[in-house]
Amino acid sequence: MEMTMRWYGSKFDTVTLKQIRQTAYVTGVITMLYDKQPGELWPQEEIHALKEEVEAAGLHISGIESVNVSDAIKTGSADRDRDIDNYIKSLENLGREGIHMVCYNFMPVFDWTRTELARRRPDGSTVLAYTQEAVDAIDPEKMFDSIKGDMNGSVMPGWEPERMAHIKELFGLYQDIDAEQLFRNLVYFLKAIMPVCDQYNINMAIHPDDPAWSVFGLPRIITCRENIERMLKEVDNPHNGITLCTGSLGTNLKNDLPGIIRSIPGRIHFAHVRNLKFNSPTNFEEAAHLSSDGTFDMYEIVRALYETGFTGPIRPDHGRMIWDEVAMPGYGLYDRALGAAYICGLWEAIDKAHKSAC
Ligand code: DNO
């Protein structure tokens, strides 16, 4: 594995490449052209400039999160082939720049959903949190307004104000799309992009739906082991894989995270590792990465990745906001650096235990 950290680019991120490098645990960044809209072409010069900036700081690009998929592709509307064409060209440009892992999601309207961005914990740190009761009580069109005050001046992925301004329209697009149709549209997209992925050796890593169930009546399809296995079988190409996001799949307590990891060896191309603390099955908050601070057994998760021969990038996922840092919720430096150190520690211990056993 390689330890990485997500970085939104110098125009958008409060965290600098220098700070990331000085963690020592992190050698690569997961980044993107953050001002590109879904469906827009990523020019090679812009990718190249980003790559040079990262490399000048002594790091490298370990993958992209995300080349976002347009609503036309997700809904299978008339413009989908045009957008797929752009997507293919963007992948070509990434491939030419030596980038071989692309994360994306296929969630309608909202990317990940949280109902609070700054829930205060007893120690004064703040975390992202979700309660189903809050979702059920809110008009989906007001969702953005209800959380935007806590964004600390940042643009959060999937919650871009430009998209949220058209929220009503977005809901309209998905009116007749059920889970099966959404799945068929995903398969259509994957089949169209696999040849370019083969050509440039690009691993596609779909991000699970977060939370792992339908919100606001919108269909969700990457929610559990069965659905993931179906998707991987339907387009049975090693470049078609997933982002193993513990904090997303783990929102459903029925999902056995180490079991999912072990069931699809070779098809996990990227891992987001974080912990959740449940107050009830539908009321959870993001915890410190440490197993004892939340519900997941982080040792078993990392061990499953290790034992299935995982070689891709791992990133500590959302961190708590600690030590008075002001940053995009979930994406401050301090707690993610602690998470990176902890995951690296687990990995080293598992590696040494394995080596001394043989
Ligand atoms: C949240 C992230 C997601 C993820 C996308 C991938 O913080 O994990 O926004 O980047 O779903 O496309």
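Where does region 2-357 land on the Kirkwood hydrodynamic radius, alpha-carbon pairs, in angstrom? Could you put the intermediate results ahead of the total?
Working: mean 1/r = 0.0488 Å⁻¹.
Hydrodynamic radius (Kirkwood, Cα only) of region 2-357 equals 20.5 Å.
Kindly put Cys358, Cys197 in sequence by how many other C-beta atoms sit within 10 Å of each C-beta, fewest to most.
Values: Cys358 4, Cys197 21.
Ordered by Cβ neighbours within 10 Å, fewest first: Cys358, Cys197.
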Tell me, what HN-Hα J-couplings in whole Hz come from the Karplus equation 6.51 cos²θ - 1.76 cosθ + 1.60 at θ = phi - 60° for each residue of region 112-117, using x for Gly and Pro? 4, 10, 10, 9, 9, 9
Show me the chymotrypsin sites (Phe, Trp or Tyr not before Pro) within region 228-329 that DSSP assigns to loop and that have at most 15 other Cβ atoms within 10 Å of their Cβ. Trp323
For Phe296, which sequence-distant residues (separation of 5 or more, or a different chain) have an amide H within less than 5 Å of its own amide H, given hydrogens modelled in the peptide plane? Leu276
What is the spin-label model distance, in nm, from Thr311 to Val187 if the labels are put 7 Å beyond Cα along the C-beta direction? 3.1
Site Tyr299, offset 7 angstrom along Cα→Cβ, radius 18 Å on amide nitrogen, limited to region 237-257, gives 257
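May I ask for the net charge around His289, where only other residues with Cβ less than 13 Å from the Cβ of His289 are counted and Lys, Arg are +1 while Asp, Glu are -1?
Details: positive: Arg274, Lys277, Arg315, Arg320, Arg336; negative: Glu286, Asp293, Asp297, Asp317, Asp335.
Once all neighbours under 13 Å are counted, the net charge is 0.
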If each residue's Cβ is checked for other Cβ atoms within 10 Å, how do Asp236, Asp35, Asp256 rank with the fewest at the top? Asp236, Asp35, Asp256
Expected unfolding gain across Ile264-Gln22 under the 0.36 nm per residue rule, minus the alpha-carbon gap, is 83.7 nm
State, to one decimal in nm, how far the label point of Asp79 lies from the label point of Asp145, with both points 7 Å from Cα in the Cβ direction. 2.6
When the chain is fully extended, how far beyond the present Cα-Cα distance does Glu180 get from Ser356, taking 0.36 nm per residue of separation? 58.5 nm
Expected max-MSF residue from His269, His48, His60 in the GNM of the chain (alpha carbon, under 10 Å) is His48
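For region 219-358, what does the relative contact order come out to in percent, with C-alpha contacts under 8 Å and a separation of six or more?
On the way: 215 pairs, mean separation 26.4, N = 140.
Relative CO of region 219-358 lands at 19 percent.
Quote the relative contact order of the chain in percent (integer), defining contacts as alpha-carbon pairs under 8 Å separated by 6+ residues. Intermediate results must be reported in sequence, preceding the final value.
Details: 687 pairs, mean separation 65.5, N = 358.
Once normalised by length, the contact order is 18 percent.
Less than 15 Å Cβ to Cβ from Phe12, Lys/Arg counted +1 and Asp/Glu -1: what total charge do the surrounding residues give?
Numbers: positive: Arg6, Lys11, Lys36; negative: Asp13, Asp35, Glu46, Glu53, Glu65, Glu160, Glu162.
Charge balance in the 15 Å sphere: -4.
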Test of understanding: in a Gaussian network model of the chain with alpha carbons linked when under 10 Å, which of Ile147, Ile193, Ile73 would top the mean-square fluctuation ranking? Ile147
Interchain or long-range residues, amide H under 5 Å from Asn203's placed H: Met101, Val102
Within region 118-162, what residues put their amide N at less than 18 Å from the label point 7 Å along the Cα-to-Cβ vector of Phe171? 132-148, 159-162
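Subtract the Cα-Cα distance of Asp136 and Phe278 from 0.36 nm times their separation in residues, and report this length gain in nm to one decimal. Intermediate results must be reported in sequence, preceding the final value.
Working: separation 142, 0.36 × 142 = 51.12 nm, distance 1.82 nm.
Result: 49.3 nm gained on full extension.
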Expected vector for region 252-261, Karplus 3J(HN,Hα) from phi with 6.51, -1.76, 1.60 and θ = phi - 60°, integer Hz, x for Gly and Pro, equals 9, 5, 6, 6, 8, 4, x, x, 5, 4
Just the number, please: percent antiparallel of the DSSP beta bridges in the chain, rounded to the nearest 5. 30
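Values quoted throughout were computed directly from the atomic coordinates according to the rules given, and no laboratory measurement underlies them. Everything quoted here is computed from the prediction, not taken from an experiment. Positions of Cβ are generated from backbone atoms using ideal geometry, with glycine treated the same way; all protein chains shown enter the neighbour counts.
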